[in-house]
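Following: one structure in structure tokens, then a few remarks.
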Amino acid sequence: MSVGTAYAAVTHEPLDAARLLADAVSPADGAALLFWGVVRAENDGREVGHLEYSAYAEMAERQMHRIAEEAIARFGTGAIRVVHRVGRLEVGEASVAIVVASPHRGEAYEASRYVIEELKKRVPVWKREGYVEGETEWVPGFSPEAAAAVEGGGR
Amino acid sequence: MSVGTAYAAVTHEPLDAARLLADAVSPADGAALLFWGVVRAENDGREVGHLEYSAYAEMAERQMHRIAEEAIARFGTGAIRVVHRVGRLEVGEASVAIVVASPHRGEAYEASRYVIEELKKRVPVWKREGYVEGETEWVPGFSPEAAAAVEGGGR
Amino acid sequence: MIVRSLFFAQYRDMAGADELAVELPAGARVADLVERLRADRGGLAALPASPVVAVNMEYAPLGTSLSEGDEVAFIPPVAGG
Amino acid sequence: MIVRSLFFAQYRDMAGADELAVELPAGARVADLVERLRADRGGLAALPASPVVAVNMEYAPLGTSLSEGDEVAFIPPVAGG
């Protein structure tokens, strides 16, 4: 079993896929999997022009780091890097990037999926949709379960 | 269900993750998943210095294109791009990149996994390992099943 | 004692501020802070009776005891990714 | 008729060439080409009796009939990715 390191950040800068891959992959790895979340032009039937992401940045970094560590321990992958962007994003821009490097690919798929699902449940990030017709609206999200999150964090 | 397009290529050039993502993602997509296969420093206990990839390039492109089309039809994803590099690759360099763009992430994970597993079974690419101690050796692979491949191609 | 209350997204819109310093009696719990905010402030009357909170950046139940200088964040449903 | 035989990886090492043009009687099948190669050539004697082949870039069974100008590729176990 490999022992990768976890890295997490919240940033205003555009995400750099090549850089994230280069920083994650070590000589022991045979594969890396990059999850690249992007802003869609449509949500629930409404035409989206842009999204405004905001975060409780310090807590979000701490939560993402913990989720990455959980995934490394659980699936035995190499390094995992999670970066969430905040601020105004246009359609097609990346909001989140998750790189999982791994000696073997099966573990990379499982770990990647784990990180994005947990991120969506537990990480304090919010988004407001700006519709093409002019309004904005907070996007409904997941309500983190205090007890479950504390338990998950203790694993 | 989305109708993405398939693209496949064999190239001598280094793979460009950012370019592949940009070319795959359309405004309908909410996520893209990039599988990034890299040369490991070790295989079956021997220390690897580099790999030499070769391909039956025209047939490999045709097979990869077909696998991408199968995945789009089967999982309803957006565009899928598959690029395999050939020639001499050093440890840490990427040999294969698979980008699956998709309105929803679940389908992207399934399609990505399908493409890499089928690629390893059916696409005429070979690699010779160059060991640090100096020898080279063909890496044992999968024997494509003529009947199964023909059936798969007809889907 | 004084605790810092942080508000995000919809809750920030309700509070009309990112942050409020709230004075509470010693031994107060998160639930007491919630009650105070819902009673005191016009906008925060709309805060749920049992909101999700984080104390010092960890999710915490409403029964959690607070200490001087604690940072209590009110976390509306999250929508990252 | 003449068919083109292509060799890759280990099979290329055996053949000592990327490609050989082989003359076969009309109506010959892939199996006939395999038999001919295994009999004719020093290195290709080591070719498996039932190798995986592609005819005109599609995997094809050994019973496949060949035509003038067909491209028959001998495909050792593949190791892409």
Within the under-12-Å Cβ sphere about C:Val3, not counting C:Val3, Lys/Arg +1 and Asp/Glu -1 give a net charge of -3
For the protein assembly as shown (alpha-carbon point model, no solvent) the Debye-based log₁₀ I(q)/I(0) at q = 0.06, 0.07, 0.14 Å⁻¹ works out to -0.36, -0.47, -1.23
For chain B, set up a Gaussian network in which alpha carbons nearer than 10 Å are linked by springs, and say which option among B:Ala28, B:Ala17, B:Ala97 fluctuates the most. B:Ala28
What does the C-alpha gyration tensor say about the overall shape of the stretch B:41-91? Classify as rounded when a/c is under 1.5, otherwise prolate if a/b is larger than b/c, or oblate. prolate
Tell me the mean residue ellipticity at 222 nm calculated for chain A from its helices only (DSSP H runs of n ≥ 4, each -39500 (n - 2.57), averaged over every residue, nearest 500). -11000 deg cm²/dmol
If the elastic network links every pair of Cα atoms under 10 Å, which of C:Val30, C:Val53, C:Val22 fluctuates the most in the Gaussian network model of chain C? C:Val22
According to a simple spin-label model (label point 7 Å from Cα along Cα-to-Cβ), what is the distance in nm between C:Ala31 and A:Ala57? 3.6
From the P(r) of the stretch D:41-81, could you give the percentage of C-alpha pairs in the tail past 16 Å? 44
Total charge of the residues flanking B:Glu137 in space, meaning their Cβ is under 9 Å from its Cβ, with Lys and Arg +1 and Asp and Glu -1, is 0
Fraction of the pair-distance distribution of chain C above 17 Å, Cα-Cα pairs, percent: 37
What does the charge add up to near D:Gly69, with Lys and Arg as +1, Asp and Glu as -1, over the other residues with Cβ less than 14 Å from its Cβ? -4
Return an integer: the convex hull volume of the alpha-carbon atoms of the stretch B:4-154, in Å³ per residue. 105
Computed label-point distance, nm, for sites B:Ser143 and B:Ala73 using a 7 Å Cα→Cβ extension: 2.8
If I build a Gaussian network model for chain A, linking alpha-carbon pairs within less than 10 angstrom, which residue out of A:Ala41, A:Ala55, A:Ala68 has the largest mean-square fluctuation? A:Ala41
Figure the gain on full extension for A:Arg19 and A:Thr5 (residue separation times 0.36 nm, minus the Cα-Cα span) and round it to one decimal in nm. 3.4 nm
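Only the coordinates and a few stated rules stand behind these numbers; no lab work does. Being a predicted model, the structure only gives us computed values, none of them experimental. Ideal geometry is used to build each Cβ from the backbone, glycine not excepted, and the neighbour counts take in all protein chains shown.
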